[in-house]
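As structure tokens, the structure follows; a few thoughts come after it.
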Amino acid sequence: MRHAGELLTVPGAAARYLRRRAAGLARRDLLLAIIVIALVAVVAPLAWRDTGEVIEVVQQDVAPAIEALERFRGDAGAYPDSLKALVPKYLAALPNCPTQEGAPLGYLRFKDTTGYELTCPGLRSGKFRYQSQTGRWEAVP
């Protein structure tokens with residue numbers, strides 16, 4: 001029978017197993033923490049930017065696509081059915097959204113062919129939208 005002041009001891013092999021398992025968890029937890037910190041360091045500056053600043057970045061990065069759409073319309077008399085029609089004559093490659101690396105720029109030609117809409121996914125939610133009829137970018141939910 002053990003007394004209240006005695007420590008419980010674990011036999012040799014079991015103790016070594018528990019120490020190794022605890023050390024493995026500590027390394028894994030540390031690695032996971034480093035990965036999370038790195039992701040936050042990369043994503044946070046964009047995620048907490050003011051919407052106006054993000055719209056400026058989107059405007060600058062997507063401006064060549066808007067210019068290409070207008071040149072296409074000048075040549076063909078109407079906007080294209082898809083952005084693919086702009087490559088390679090008007091654009092070297094299809095543009096991506098600067099808000100999410102690799103996300104394609106959304107394009108919708110209005111049925112009456114008098115205008116179009118470009119969209120980029122938002123950083124936290126919603127999206128950024130450009131309408132050719134207004135010539136302005138805006139954040140929409």
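Data overview
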| item | result |
| --- | --- |
| √(5λ) per eigenvalue of the Cα gyration tensor, the stretch 51-140, largest first, Å | 22, 14, 11 |
| Length added when fully stretched, residue 110-residue 89, from 0.36 nm per residue minus Cα-Cα | 5.3 nm |
| Charge-dipole axis of the stretch 51-140 as Lys and Arg at +1 and Asp and Glu at -1 on Cβ define it, positive-most pick from 119, 99, 137 | 119 |
| Cα→Cβ-extended label distance, 7 Å offset, between residue 78 and residue 63, nm | 3.1 nm |
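Every read-out reported here was derived from the displayed coordinates using simple, explicitly stated rules and does not represent laboratory data. Given the structure is predicted, the values throughout are model-derived calculations rather than measurements. Every residue, glycine as well, gets a Cβ built from its backbone with ideal geometry; the counts of neighbours run over all protein chains shown.
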